[in-house]
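Handing you this structure, nothing more for now.
The values are calculated or read from the model by the stated rules, or taken from the named source; none is laboratory data. All of these numbers come straight from a predicted model, not from anything done at the bench. No Cβ is skipped: glycine too gets one built from the backbone with ideal geometry, and neighbour counts run over all protein chains shown. Keep in mind that these areas ignore ligands, DNA and RNA; they rest on the heavy atoms of the full protein, side chains included. Shrake-Rupley method; radii C 1.70, N 1.55, O 1.52, S 1.80 Å.
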Amino acid sequence: MIEVSDLTRNQSLVLDKLSKTDQPMSAYTLLDELRGDGLKAPLQIYRALDKLVAQGRVHRLESISAFVACQHPDCASHAATVFMICEKCGKVAEQADAGVAVALSAVARTESFAVSRTSIELRGACNKC
C-alpha cells in the first residue's frame with residue numbers, strides 16, 4: 001500500500017478534504033475548497049484525483065460525477081464495491097460484498113466477459129433519512 005508520505009502535496013490536500021466528509025465532492029467543489037491552499041486550476045485537482053483513484057484511495061461516483069475517499073483500507077483487494085448514495089442528505093456509504101462479486105462474475109461468464117473490477121451505485125434513502 002502507498003504511504004501517505006508518498007503523496008504529492010496536492011494529492012494530500014485532496015485526500016484530506018475528501019476524508020473529512022461523508023459527502024461526495026465534485027472536482028470543482030474541491031477546487032473551490034482548496035483555493036486557499038494554493039490550488040488554482042482544475043487540472044491540479046484532476047491530476048491529484050486521477051492518481052488517488054488509481055491508488056484506490058478515492059472512488060469516483062459515476063452517476064453523480066463526484067468523488068469520495070475510500071472507506072476501506074484494503075479496498076483494492078475487493079472484487080466488487082457497492083456505494084449507497086442517499087438522495088436526501090447526500091451521504092455515501094461503501095461496502096464490499098464478495099457475494100455480489102461472485103454473482104456478477106457468473107453473469108459475465110455467460111458472455112465470456114472478463115471482469116476486472118465492479119462498482120455498483122445504489123440510490124435511495126439512508127437509515128437516518
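What's the number of the only condition in (1) open to solvent by 40 Å² or more (accessible area, probe 1.4 Å); (2) part of a loop (DSSP other than H, G, I, E, B); (3) modelled with pLDDT under 95 that GLY56 fails to meet?
(1)
Next question, about the same structure. For LEU122, which of the numbered conditions (1) modelled with pLDDT of 95 or more; (2) closer than 27 Å to ASP6 by Cβ; (3) in a strand (DSSP E or B) fails to hold?
Going through (1) modelled with pLDDT of 95 or more; (2) closer than 27 Å to ASP6 by Cβ; (3) in a strand (DSSP E or B) one by one, LEU122 breaks only (2).
One residue is enough: does region 8-24 have a residue meeting the conditions among the aliphatic types (A, V, I, L, M) and open to solvent by 60 Å² or more (accessible area, probe 1.4 Å)?
Checked region 8-24: no residue is among the aliphatic types (A, V, I, L, M) and open to solvent by 60 Å² or more (accessible area, probe 1.4 Å).
All but one of (1) more than 21 Å from ALA96 (Cβ to Cβ); (2) under 16 Å from the mean Cα position of the chain (by Cα) hold for GLU33, so report the exception by its number.
(2)
For (1) in contact with a strand residue (DSSP E or B) (Cβ under 9 Å, 6 or more places away or on another chain); (2) farther than 17 Å from SER65 by Cβ, each residue gets a yes or a no:
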{"position": "PHE83", "(1), (2)": "yes, no"}
{"position": "GLU87", "(1), (2)": "yes, no"}
{"position": "ALA93", "(1), (2)": "yes, yes"}
{"position": "ALA96", "(1), (2)": "yes, yes"}
{"position": "VAL102", "(1), (2)": "yes, yes"}
{"position": "ALA106", "(1), (2)": "no, yes"}
{"position": "SER112", "(1), (2)": "no, yes"}
{"position": "THR118", "(1), (2)": "yes, yes"}
{"position": "CYS126", "(1), (2)": "yes, yes"}
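Separate question: Do we have LYS128 as free of Cβ contacts under 8 Å to residues at least 12 places away in the same chain and not in a helix (DSSP H, G or I) here?
no
Mind listing just one residue for me: the one in region 99-118 that is within 20 Å of ARG57 (Cα to Cα) and loosely packed, with under 15 Cβ neighbours inside 10 Å and, of those, farthest from the chain's Cα centre (by Cα)?
Applying the filter and picking the extreme gives SER116.
Take the residues of region 59-83 that are among the polar types (S, T, N, Q) and surrounded by fewer than 17 Cβ atoms within 10 Å (Cβ to Cβ): which is nearest to the chain's Cα centre (by Cα)? Walk me through how you get there before you give the answer.
Within region 59-83, the subset among the polar types (S, T, N, Q) is 63, 65, 71, 77, 81.
Now narrow it down to the ones that are surrounded by fewer than 17 Cβ atoms within 10 Å (Cβ to Cβ): 63, 65, 71, 77.
Values: SER63: 12, SER65: 10, GLN71: 9, SER77: 15 Å.
Going through the qualifying residues, I end up with GLN71.
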